[in-house]
Amino acid sequence: MATWGSLTHYLSLKTKKTSLYLMAATTVLCSLFYLIGIWQHDGAAAALLPSAACTTTAAPSSVPAAASSELDFTPHHTAELLVPLSSAARAAHLPPCEAGLSEYTPCHDTQRSLRFDREMLAYRERHCPEAGEALRCRIPAPHGYTTPFRWPESRDEVWYANVPHKHLTVEKAGQNWVRFHGDRFKFPGGGTMFPRGADAYIDDIGKLINLADGSIRTAIDTGCGVASWGAYLLSRNILPVSFAPKDTHEAQVQFALERGVPALIGIMATERLPYPSRAFDIAHCSRCLIPWGQYDGLYLIEVDRILRPGGYWILSGPPINWENHWKGWNRTRDDLDTEQRGIERVAKSLCWKKLVQRNDLSIWQKATNHMHCKKNRKIFKKPQFCQSNNPDQAWGTKMEACLTPLPDVSDIKEVSGGPVARWPERLTAVPPRIRSGSIEGVTGETFEKDTELWKSRVAHYKALDFQLAEKGRYRNLLDMNAGLGGFAAALVDDPVWVMNVVPNEADTNTLGVIFERGLIGTYQNWCEAMSTYPRTYDFIHANGLFTLYKGRCEIEDILLEMDRILRPQGSVIIRDDVDVLVGVKSVVDGMQWESRMTDHEGGPHVREKLLIATKQYWTAPASQE
């Protein structure tokens, strides 16, 4: 037993001595290597050990020579180094179009429209080029094009060189639409039914319904002219979308956009307007020449679809107050009386309540739910409730003469679909569509996180694009794949408006959420041209767009459309997967855009990158005439 104890004691001492020897040896070796490193870094090694140098002449080209012993810890896969620029990359494989195409709108081309049916004005709807017809060139700005005036000055003045059309100054000379002065147009704010000006006209409306308490935020102006009604609503924190067809009133929507007012080319004909159901708080028609009482009330039925529960429809102009205007309208009393009775009948069948008719204004209000309306279908045989269609499906969808049912309620005082908060709380409050679980995969928590995420992303964008950071430099903005509208929400305090597009091909239809936030937008298929004029937007944002359309259409087609609707010296930020952006940049470099790729705000190891580009200033050559 004693012998065993002595042996154990001996082994323990030996192990401890061995450990001490190992620690000492390790310390000596570490110190030695450290000193050698310092010695080599100072160049002493090169001086004392010339035989240690090695030749690299025989090294394969793929293996870099060790030219320096200094370690480099910087990343060698940053976005800026992914696509080196070369002179070949800048070859103009997408040449400029001819000067006569400076206002080309592919899906509203006058010559192409003549192929289509004129009944119900269907020929003025979207008719895009067929395969092989699309132009493969870049639309020029007119000679002399000048950066538009900044908002709010742009509301009242537009450069003639940018929209060289004097037709409306003659046709609408007595209605204060627009006047020509020297090198610019001036907009007094008048309209056919508001010769005292849009501001006074809106004041008249404000005496009949409350425009100031934040309950009305989104508005649509049907047949907008030069959009003076929408222009003056903006100062009251009401965000309008104005639309008018491309017709004999030449360039009316183009004037609106040049003024900095949200607008699209559009018409009420055979297809639904490109908005979801329950989108607008107010709809307006001032002598818009839409036959509201015809076709079984089809156009009022469409207004009903896009109006929010409790929303308002405002009508001025024929036939309202026809008793005092029938001679000036060159129509008979009976004709105007019949038209008004038809409108009243359709509005009643939609369960709208006529609130007031005063002077030249009439206002109806949509029901907040359909509890009573379902019961009175026994009285009103038309329109019946739609049975199977998706009320939010509105891209290339034909109108139907059926009433869009509102979401069910359990009490007569309840608002169908849920009430929205008043502005400005409405912007960040969880929208009713999300609260009710109608948007798959989106909860109140994910909505709030998305809002905060885009605040940080937009702050990062402003650090990358000084023009976006400069208040007033940009006015008209486009988000090509808007999601929940977080990008636009983050810019709400800037003097800009954002057209939020939800692609028709998106996995989830979120446009209803965007409107419930008090923002505006539209549907779009980006394999086709947008219903707008060239040079509409100062800034375009595209998040994941090219990944979404991969395999659906060519990168060039989308980029050419972006180039068409982007103003000279306007900017673009494209956010997408690195492999996708490499392909995008190879096209961008042939489009007279100055571009660079940069890393995701999370750093170089994130696959998602950013492409920041600015369209160079160039115009069509001067006319030979």
With criteria (1) farther than 18 Å from PRO309 by Cβ; (2) in a helix (DSSP H, G or I), ARG433 comes up short on (1)
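What residue, among those in region 505-522 that are among the polar types (S, T, N, Q) and in contact with a Gly (Cβ under 8 Å, 6 or more places away or on another chain), is surrounded by the most Cβ atoms within 10 Å (Cβ to Cβ)? Let's see the steps before the verdict.
As a first pass, look at region 505-522 and keep what is among the polar types (S, T, N, Q): 508-510, 522.
Filter again for in contact with a Gly (Cβ under 8 Å, 6 or more places away or on another chain), leaving 508, 510.
Details: THR508: 13, THR510: 22.
Among those that are among the polar types (S, T, N, Q) and in contact with a Gly (Cβ under 8 Å, 6 or more places away or on another chain), it is THR510.
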Within region 111-169, residues being modelled with pLDDT of 95 or more and of a type in the set (S, T, N, Q) number 4
Taking first residues from region 332-352 that are over 17 Å from LYS375 (Cα atoms) and second residues anywhere that are assigned to a helix (DSSP H, G or I) and open to solvent by 20 Å² or more (accessible area, probe 1.4 Å), the pairs with Cβ under 6 Å that are 6 or more apart or on different chains are LEU336/TRP322
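Does ASN390 count as polar (S, T, N, Q), open to solvent by 30 Å² or more (accessible area, probe 1.4 Å) and part of a loop (DSSP other than H, G, I, E, B)? If you could, list the steps in order and put the result at the bottom.
Values: polar (S, T, N, Q): yes; open to solvent by 30 Å² or more (accessible area, probe 1.4 Å): yes; part of a loop (DSSP other than H, G, I, E, B): yes.
Spelling it out, ASN390 is indeed polar (S, T, N, Q), open to solvent by 30 Å² or more (accessible area, probe 1.4 Å) and part of a loop (DSSP other than H, G, I, E, B).
Among the residues of region 497-556, write down those that are of a type in the set (S, T, N, Q) and in contact with a Phe, Trp or Tyr (Cβ under 6 Å, 6 or more places away or on another chain).
Going through region 497-556, the residues of a type in the set (S, T, N, Q) turn out to be 500, 504, 508-510, 522, 524-525, 531-532, 536, 543, 547.
Within region 497-556, ASN504 is the sole residue that qualifies.
Can SER416 be described as in a loop (DSSP other than H, G, I, E, B), open to solvent by less than 40 Å² (accessible area, probe 1.4 Å) and either in contact (Cβ under 8 Å) with a residue 60 or more places away in the chain or more than 30 Å from PHE194 (Cα to Cα) (or both)? Break it down into steps so the answer makes sense when it comes.
Numbers: in a loop (DSSP other than H, G, I, E, B): yes; open to solvent by less than 40 Å² (accessible area, probe 1.4 Å): yes; either in contact (Cβ under 8 Å) with a residue 60 or more places away in the chain or more than 30 Å from PHE194 (Cα to Cα) (or both): yes.
It is true that SER416 is in a loop (DSSP other than H, G, I, E, B), open to solvent by less than 40 Å² (accessible area, probe 1.4 Å) and either in contact (Cβ under 8 Å) with a residue 60 or more places away in the chain or more than 30 Å from PHE194 (Cα to Cα) (or both).
Quick one: is ALA92 modelled with pLDDT under 95, loosely packed, with under 14 Cβ neighbours inside 10 Å and either under 24 Å from the mean Cα position of the chain (by Cα) or closer than 21 Å to ILE565 by Cα (or both)? Explain how you work it out, then say what you get.
Working: modelled with pLDDT under 95: yes; loosely packed, with under 14 Cβ neighbours inside 10 Å: yes; either under 24 Å from the mean Cα position of the chain (by Cα) or closer than 21 Å to ILE565 by Cα (or both): yes.
It is true that ALA92 is modelled with pLDDT under 95, loosely packed, with under 14 Cβ neighbours inside 10 Å and either under 24 Å from the mean Cα position of the chain (by Cα) or closer than 21 Å to ILE565 by Cα (or both).
Take the residues of region 492-521 that are outside any strand (DSSP E or B) and aliphatic (A, V, I, L, M): which is farthest from SER416 (Cα to Cα)?
As a first pass, look at region 492-521 and keep what is outside any strand (DSSP E or B): 492-496, 504-519.
Keeping just the survivors that are aliphatic (A, V, I, L, M) gives 492, 496, 506, 511, 513-514, 519.
Working: VAL492: 28, VAL496: 32, ALA506: 26, LEU511: 18, VAL513: 15, ILE514: 18, LEU519: 20 Å.
The qualifying residue farthest from SER416 (Cα to Cα) is VAL496.
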Of the candidates VAL163, VAL158, the one satisfying the condition of being part of a loop (DSSP other than H, G, I, E, B) and either in contact with a strand residue (DSSP E or B) (Cβ under 8 Å, 6 or more places away or on another chain) or under 24 Å from THR270 (Cα atoms) (or both) is VAL163
Practice task
Can you confirm whether region 489-503 contains a residue that is over 14 Å from the mean Cα position of the chain (by Cα), without any contact (Cβ under 8 Å) to a residue 60 or more places away in the chain, surrounded by fewer than 18 Cβ atoms within 10 Å (Cβ to Cβ) and closer than 22 Å to THR428 by Cα?
Solution key: yes
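Can you confirm whether ARG473 is within 30 Å of LEU211 (Cα to Cα), buried (at least 18 other Cβ atoms within 10 Å of the Cβ) and touching a residue at least 40 places away in the same chain (Cβ under 8 Å)?
Details: within 30 Å of LEU211 (Cα to Cα): yes; buried (at least 18 other Cβ atoms within 10 Å of the Cβ): yes; touching a residue at least 40 places away in the same chain (Cβ under 8 Å): yes.
Taking the combined requirement at face value, the residue satisfies it.
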ALA251 vs (1) surrounded by fewer than 24 Cβ atoms within 10 Å (Cβ to Cβ); (2) farther than 25 Å from GLU103 by Cβ; (3) of a type outside the set (Phe, Trp, Tyr): all pass except (2)
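Out of region 425-444, which residues are open to solvent by less than 20 Å² (accessible area, probe 1.4 Å) and either in contact with a Leu (Cβ under 8 Å, 6 or more places away or on another chain) or β-branched (Val, Ile, Thr) (or both)? Let's see the steps before the verdict.
As a first pass, look at region 425-444 and keep what is open to solvent by less than 20 Å² (accessible area, probe 1.4 Å): 426-427, 431-434, 439.
LEU427, ILE434, ILE439, listed by residue number.
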Of (1) touching a strand residue (DSSP E or B) at 6+ places or on another chain (Cβ under 8 Å); (2) touching a residue at least 60 places away in the same chain (Cβ under 8 Å), ALA200 satisfies every one except (2)
By residue number, the members of region 225-254 that are part of a loop (DSSP other than H, G, I, E, B), within 22 Å of MET268 (Cβ to Cβ) and touching a residue at least 40 places away in the same chain (Cβ under 8 Å) are GLY225, VAL226, ILE238, PRO245, LYS246, ASP247, HIS249, GLU250, ALA251
Task: Qualifying residue in region 448-461 (condition: without any contact (Cβ under 8 Å) to a residue 24 or more places away in the chain, open to solvent by 50 Å² or more (accessible area, probe 1.4 Å) and within 28 Å of GLY310 (Cα to Cα)) - done: yes
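The values are calculated or read from the model by the stated rules, or taken from the named source; none is laboratory data. On a predicted model such as this, the values are computed, not experimentally measured, just so you know. All Cβ positions, glycine included, derive from the backbone under ideal geometry; neighbour counts span all protein chains shown. Each accessible area value is taken on the protein alone, full model and side chains, heavy atoms only, with ligands, DNA and RNA left out. Shrake-Rupley method; radii C 1.70, N 1.55, O 1.52, S 1.80 Å.
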